[in-house]
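Presented below is the structure to which this report refers.
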């Protein structure tokens with residue numbers, strides 16, 4: 001307690017206390033000025049610049065106030081109240097006696113206010129440091145390099161937004177939304193499975209949004225912004241200005257995406273889809289779902305040059321509703337949220353094609369890891385053709401099929417086990433015969449179709465001589481309508497865009 005009393009009796013504590021008091025009305029003036037500017041300007045870039053300028057003015061005002069009151073704090077205790085008041089009002093008149101008495105009492109409390117500010121600023125900066133360290137750890141833990149195709153796509157998009165700095169793309173199992181980490185060597189983190197779960201157009205828009213953050217140096221600005229928030233944690237105006245900065249920052253990136261990509265509705269759907277996977281996220285990273293999603297979607301869709309602008313809120317609500325279902329389907333994780341890792345991977349990947357619905361429901365309802373381990377052990381025992389032997393031939397063969405499918409059938413968009421060929425291989429094993437036509441085949445069109453010779457897309461035919469419960473001599477046809485190596489099961493090998501269906505006999 002003696003150290004605290006020694007501190008509150010110093011001129012620095014007195015000056016800091018008065019600075020905190022005066023910063024309240026100074027910040028109020030800055031906030032009113034910013035509010036007036038926001039009412040006048042509609043451009044996101046101008047509003048963002050105005051908010052950043054307001055934050056700088058607020059910080060500069062606090063610093064100048066501290067510099068101005070320090071000499072008066074050193075003048076002595078006889079003029080504690082009057083000297084500080086005169087220093088900031090610029091008047092030479094002595095304060096009234098009653099005012100001096102009240103001011104003296106306030107002056108005695110101000111050093112304790114400074115002590116509270118020091119403790120609060122330390123805690124806030126400690127929290128920001130912890131968030132920054134946690135964000136940096138995301139670059140080392142649970143990450144992997146995506147297929148080269150996606151890194152090349154990111155580099156191509158970087159050229160479109162005139163970004164010369166190299167940007168690295170990583171897939172992470174720890175993030176729930178795309179995010180940017182780093183300034184000198186920026187990294188874009190994509191949630192695991194997102195590259196395969198969103199349509200290409202929406203993925204391009206999301207990547208453009210993250211590149212926009214990098215091009216605008218938003219990561220560096222965000223670090224400086226959080227530092228100011230720690231210093232002015234007590235100030236309502238500082239938090240409001242900071243909120244405006246974050247909102248307009250996202251709007252600026254949205255505008256860049258729209259101006260580069262051009263498809264407003266597709267980008268709005270992408271934002272809404274990502275929102276379904278959003279959780280509380282660290283402020284040390286910049287995510288595509290930052291800010292108020294509904295306001296961002298309304299802003300994107302409410303273009304002044306169309307009569308449909310009035311229906312933008314309704315359209316936004318519709319997008320959110322549709323995206324809820326699309327997001328769940330795209331992520332293919334309807335039950336993973338209730339099953340902790342690594343058991344969610346076992347349930348939704350390892351045995352996705354083996355487990356029955358009653359077994360799946362029973363596994364979801366388990367409460368402890370020991371129960372889950374017992375369930376998994378019994379699951380494989382029930383399928384072991386020779387339970388009296390140490391080895392489980394069924395389990396060994398199943399994981400061999402998964403490994404082969406992931407190595408043989410993977411594409412730029414999907415892991416091998418997710419493809420149609422991978423699924424059939426895992427369920428039924430290797431086919432007895434494979435007829436492959438990587439360049440397609442030619443055939444004669446019937447007269448009713450105009451006759452002549454035409455060619456198909458690349459195709460494969462798999463023959464299973466016998467499948468228990470399904471029959472014998474089953475032929476499964478796979479076509480590659482995009483020529484990307486992703487063969488899709490079809491009932492018509494000559495149909496270039498034939499829909500995916502069940503195997504035909």
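Of the set (1) at pLDDT 85 or above; (2) assigned to a helix (DSSP H, G or I), all apply to residue 448 but (1). Within the set 218, 255, the sole residue that is in contact with a helix residue (DSSP H, G or I) (Cβ under 7 Å, 6 or more places away or on another chain), over 18 Å from residue 63 (Cα atoms) and either in the same structural domain as residue 26 (by TED's automatic domain parsing) or surrounded by fewer than 20 Cβ atoms within 10 Å (Cβ to Cβ) (or both) turns out to be 255. Part of a helix (DSSP H, G or I) and crowded, with 19+ Cβ neighbours inside 10 Å - does that describe any residue in the stretch 161-182? No.
Before we move on, is residue 213 in contact with a strand residue (DSSP E or B) (Cβ under 9 Å, 6 or more places away or on another chain), assigned by TED's automatic domain parsing to the domain that holds residue 158 and crowded, with 22+ Cβ neighbours inside 10 Å? Spelling it out, residue 213 is indeed in contact with a strand residue (DSSP E or B) (Cβ under 9 Å, 6 or more places away or on another chain), assigned by TED's automatic domain parsing to the domain that holds residue 158 and crowded, with 22+ Cβ neighbours inside 10 Å.
The values are calculated or read from the model by the stated rules, or taken from the named source; none is laboratory data. What you see is a predicted model, and the numbers here were worked out from it, not measured in a lab. Note: ideal-geometry Cβ built from the backbone for every residue, glycine included; neighbour counts use all protein chains shown.
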